[in-house]
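Here's the structure we're looking at; comments come further down.
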Amino acid sequence: MSRIGRKPINIPAGVTVTINAGVIEVKGPKGTLDYKFNPAMQVEVKGEEIIVTRPNDAKENRSLHGLTRSLIANMVTGVTDGYKKELKVNGVGYRVEKKGKQCIMNLGYSHKVIVEDTDDVKIDVPDPNTIVISGIDKQKVGQFAAEVREKRPPEPYKGKGIRYADEYVRRKEGKAGKGK
C-alpha cells in the first residue's frame with residue numbers, strides 16, 4: 001500500500017470540497033481549484049478528511065494512488081496558504097522593478113526583459129534584486145518561476161544571473177594563466 005496514498009487529507013476550516021463525475025473542486029479563502037482525477041481512483045470525503053483509495057494493486061493504480069493524493073493535498077494547501085517562490089538577481093547592473101502588472105528586468109542584455117502577471121500568478125518585487133512569485137496552484141507557480149529564471153540562468157564563473165533563493169550555484173575556477 002502506498003505510504004503517501006494511505007494518508008488522509010485534513011480539510012481545514014473555511015475550505016469546501018465537492019466531488020462530481022471524476023472532478024474534485026476545492027474552494028477556499030484564496031480561490032478555487034479543480035482537478036480531474038483518474039476514474040480508477042476512488043476519492044471520497046468522510047467528515048473533515050479526504051480519502052483516496054485504489055481498486056487493486058496493479059502497477060498503474062499503485063502509481064496513481066500517491067500522485068492523486070499529493071495533487072489533492074497541494075490543492076487544499078494552495079487555497080488556504082498559497083505557494084510562493086523567491087528568486088534572487090545577482091550581477092552588476094542587474095535589477096528588477098515592478099510597474100503595474102509588468103515586471104521589468106535589466107539583465108545585461110541590450111534590451112529590457114518584460115514579464116507580466118497572469119490571472120493565476122502574481123509577481124512582487126520587494127527590492128531591486130528579489131522577485132517573489134506567488135499563487136494558489138503549485139504547478140503554475142513553479143513553472144512561472146522556472147520561466148523567469150530561464151531569462152538569465154546563473155553562470156558558474158561569476159555567479160551572475162537569476163537563481164532561486166535556496167539554490168546554491170557551485171562556482172568554478174577561471175582559466176589558468178600561461179604555464180612556465
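Summary table
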read-out: Which listed pairs, of K46/K84; K122/K158; K36/K138, have C-alpha distances above 25 Å, in listed order; value: K46/K84; K122/K158
read-out: In sequence order, calculated HN-Hα J values of segment 153-162 (Karplus, 6.51, -1.76, 1.60; Hz; x Gly/Pro); value: x, x, 9, x, 8, 10, x, 6, x, 9
read-out: Nitroxide proxy distance, nm - points 7 Å out along Cα→Cβ at K36 and Q139; value: 1.2
read-out: Proximal aspartates and glutamates to K175, defined as alpha-carbon separation beneath 20 angstrom and excluding residues fewer than eight positions away on the same chain; value: E155
read-out: Estimated [θ] at 222 nm from DSSP helical runs (n ≥ 4, -39500 (n - 2.57)) normalised by residues in the chain, nearest 500; value: -6500 deg cm²/dmol
read-out: Per-residue Cβ neighbour rank within 10 angstrom, fewest leading, L67, L87; value: L67, L87
read-out: Value of Rg to Rh for the chain (Rh from inverse mean 1/r over Cα pairs, i.e. Kirkwood); value: 1.13
read-out: Mean projected area in nm² (Cα convex hull; one quarter of hull surface) for segment 83-164; value: 5.1
read-out: Sequence-distant residues sharing a close amide H with R152 (under 5 Å, placed H); value: I162
read-out: Over the chain, relative contact order from alpha-carbon pairs under 8 Å, at least 6 apart, %; value: 18
read-out: Backbone HN-Hα couplings from phi across segment 112-125 [Karplus 6.51/-1.76/1.60, Hz, Gly and Pro as x]; value: 8, 9, 10, 10, 10, 4, 10, 5, 8, 10, 10, 10, 10, 10
read-out: Gyration tensor (alpha-carbon) shape descriptor, segment 3-80, a/c threshold 1.5; value: prolate
read-out: Least to most buried among K30, K36 (fewest other Cβ within 10 Å first); value: K36, K30
read-out: Förster-model FRET efficiency, 45 Å R0, A176 and E97, C-beta, rounded to 0.05; value: 0.70
read-out: Estimated inter-spin distance, V113 and V132, nm [label 7 Å along Cα→Cβ]; value: 2.2
read-out: Tensor-based shape of segment 1-48 (alpha-carbon gyration tensor, a/c under 1.5 rounded, otherwise prolate or oblate); value: oblate
read-out: Ranked T80, T130, criterion: other C-beta atoms within 10 Å, fewest first; value: T130, T80
read-out: Rough spin-label spacing in nm, given labels placed 7 Å along Cα→Cβ, for K46 and K7; value: 1.8
read-out: Net charge of Cβ neighbours under 12 Å - reference T130; Lys, Arg +1; Asp, Glu -1; value: +2
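Where a number appears in this text, it was derived from the coordinates with a stated rule and is not lab data. Note that this is a predicted model, so its numbers are computed, not measured. Heads up, the Cβs are rebuilt from the backbone with ideal geometry, glycines too, and the neighbour counts pull from every protein chain shown.
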